[in-house]
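K.L.:
My structure is below; once you've seen it, I'll send some questions.
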Amino acid sequence: MGQNQDTSNAIYVDKSSKISKKQLKNTALGKEVLEKYTPKKDLNRKAASFMEKHLSVKSVVRFETCSDYMTFLTNEGFTNKRLHRANSCGNRFCPICTWKRAKKDAIKMSVMMEAVKEIERKEFLFLTLTAPNCGGEELPYQIDDFNKAIKKLFDRRKVKGIAKGYIRKLEVTTDQEQLITDKLYKRKKDYFDRRGLKIGDPNPQYNTYNPHVHIIIAVNKSYFNMPSEYISQAEWLSMWQECMNDPSITQVDVRKVRDSEKSQSNAVLEVAKYSAKGSDLYHSEAVFDTFYIGLRKRQLLVYSGLFKDYAKKYENGALDNFKKQDETVYTHLLKSLWAGSSYENKLRELTKEEFEEFNKRALHIDESDEVE
């Protein structure tokens, strides 16, 4: 929706009607509810059973009933949608809330990067730091070591001199395949080939965990053509080995974030995505407990330097001119109620008062549909 949209011919009739799955499934809104929210709601119930030993009864109920009630704004042809209200639990281990948070974080990071690029005249590096896999019991200590090593790395004179700010996100993956499958082999071909392993062999990384950190770093434009500023991949690796006190680390991934929208979007999505994939986090209760103990009460997403300043500007509206305008004219409200195995949906047109209020609020796009 834009501020210049013509709403003079809109019809304001407060009438309700049920909308069937068949009617809904072919719309953008239907895809969101049926193909995205429903599977995550199913996963939420599985996760709730894992949470029982970690939370009070009241908190478990809040977790399990997350997004039982949702309302969406949609347009006349149901081609666009916007979440209006939901009863959200806000727990970082909830598959619905972490997904919605990632969608919002992706937009926030994109807007901040655009602002930092235009106002501060900066460019960006995308750095991924990792280390050898560890056992589940070691995971909390490995994450502690990671955090200390990152502080050491960014306190180094050369890194401190080039890094004007960063966004970093901790991610943890696990390998729960006992044998090397075709899919696993393709994903880790170099690793298995170096060890002479093939499909069907025992997987040496079975039941291990890999914490790693994705970082977007703001640098001066001169960084890429000034030898005194530029840090090669070999230098990044050497510094990271020293900071982690682990010479067995064989690689770091560092690349320039190109000016193209795709390059920036890829970097943002890597940082914005979940700290643990649902297929890993909810693999089993034992695996979930390992993730829970390792990740609870930790700051997973960190803004530093310029990005810390621009995060505040984003929240107070100072960067609204960098946000994409939502050109949709919202005319209807869809109410979705969880009915045990699926959502039951009821559609109605907005009242005149709602139409004016809701469209006035929906000035900017605030969630990224690229986050799955």
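K.L.:
Divide the volume of the convex hull of the Cα atoms of region 209-325 by its number of residues and quote the answer in cubic angstrom per residue. Kindly include the intermediate steps, with their values, before the conclusion.
P.N.:
Numbers: hull volume 21.1 nm³, N = 117.
So the per-residue hull volume is 181 Å³.
K.L.:
With no solvent and one point on each alpha carbon, what is the Debye value of log10 I(q)/I(0) for region 149-217 at q = 0.11, 0.16, 0.21 Å⁻¹?
P.N.:
-0.45, -0.69, -0.83
K.L.:
Remind me, relative contact order of the chain in percent, using alpha carbon pairs under 8 angstrom and six or more residues apart? Walk me through the numbers before you get to the answer.
P.N.:
Numbers: 559 pairs, mean separation 116.1, N = 372.
The normalised contact order for the chain reaches 31 percent.
K.L.:
Additional query: With all protein chains present, calculate the accessible area of ASP145 using a 1.4 Å probe and round the result to the nearest 10 Å².
P.N.:
Estimated to the nearest 10 Å², ASP145 gives 80 Å².
K.L.:
Also, quick follow-up: Using only the alpha carbons, work out the radius of gyration and Dmax of the chain in angstrom.
P.N.:
Cα only, the chain: 23.2, 71 Å (Rg, Dmax).
K.L.:
Isolated Cys in the chain by the 4.7 Å beta carbon test?
P.N.:
CYS134, CYS243
K.L.:
Further, regarding this structure: Running a GNM on the chain with Cα contacts under 10 Å, which residue among LYS164, LYS352, LYS46 ends up with the highest mean-square fluctuation?
P.N.:
Ranking LYS164, LYS352, LYS46 by mean-square fluctuation puts LYS352 first.
K.L.:
Let me check against my output: what whole-number percent is the relative contact order of region 15-155, with C-alpha pairs under 8 Å and at least 6 apart? Mind showing how you got there, number by number?
P.N.:
Numbers: 88 pairs, mean separation 23.8, N = 141.
Relative contact order of region 15-155: 17 percent.
K.L.:
From the phi angles alone, apply the Karplus equation (6.51, -1.76, 1.60; θ = phi - 60°) to region 72-77 and give each ³J(HN,Hα) in whole Hz, x where the residue is Gly or Pro.
P.N.:
Calculated HN-Hα couplings, in order: 10, 8, 8, 9, 4, x Hz.
K.L.:
Tilt of helix 233-244 relative to the longest C-alpha principal axis of the chain, in degrees (0 to 90, nearest 10)?
P.N.:
Computed tilt is about 90 degrees.
K.L.:
Within the chain, what whole-number % of the accessible surface is contributed by carbon and sulfur, with the 1.4 Å probe and all protein chains included in the calculation? Mind showing how you got there, number by number?
P.N.:
On the way: 9250 of 19290 Å².
Exposed carbon and sulfur together represent 48 percent of the surface.
K.L.:
Mind grabbing the accessible area of VAL60 for me, 1.4 Å probe, Å², rounded to tens?
P.N.:
Roll a 1.4 Å probe over it and VAL60 shows about 20 Å².
K.L.:
From the cross-link list LYS41/LYS312; LYS273/LYS324; LYS312/LYS360; LYS152/LYS183; LYS256/LYS323, which pairs have alpha carbons spaced over 27 Å apart? Before the final figure, lay out each step's value.
P.N.:
On the way: LYS41/LYS312 32 Å; LYS273/LYS324 21 Å; LYS312/LYS360 23 Å; LYS152/LYS183 37 Å; LYS256/LYS323 24 Å.
LYS41/LYS312; LYS152/LYS183, as the Cα separations exceed 27 Å there.
K.L.:
Rounding to the nearest 20 debye, state how big the charge dipole of region 142-286 is about its Cα centre with +1 on each Lys and Arg Cβ and -1 on each Asp and Glu Cβ.
P.N.:
580 debye
K.L.:
Please say if region 60-133 is rounded, prolate or oblate, where rounded means a/c under 1.5 for a ≥ b ≥ c the square roots of the C-alpha gyration tensor eigenvalues, and otherwise the choice is prolate for a/b larger than b/c and oblate otherwise?
P.N.:
Details: a/c = 3.11, a/b = 1.37, b/c = 2.27.
Verdict is oblate for region 60-133.
K.L.:
Pick out, from ALA149, GLY200, ILE119, the residue whose Cα sits farthest towards the positive end of the charge dipole of region 103-257, with +1 on the Cβ of Lys and Arg and -1 on the Cβ of Asp and Glu.
P.N.:
Among ALA149, GLY200, ILE119, the one farthest towards the positive end of the dipole of region 103-257 is ILE119.
The values are calculated or read from the model by the stated rules, or taken from the named source; none is laboratory data. Computed from a predicted model, the values in this text were never measured in an experiment. When we count neighbours, we look across all protein chains shown, and the Cβ atoms used for this are built from the backbone with ideal geometry, even at glycine. Calculation scope for accessible area: heavy atoms of the full protein, side chains included, ligands and nucleic acids excluded. Shrake-Rupley method; radii C 1.70, N 1.55, O 1.52, S 1.80 Å.
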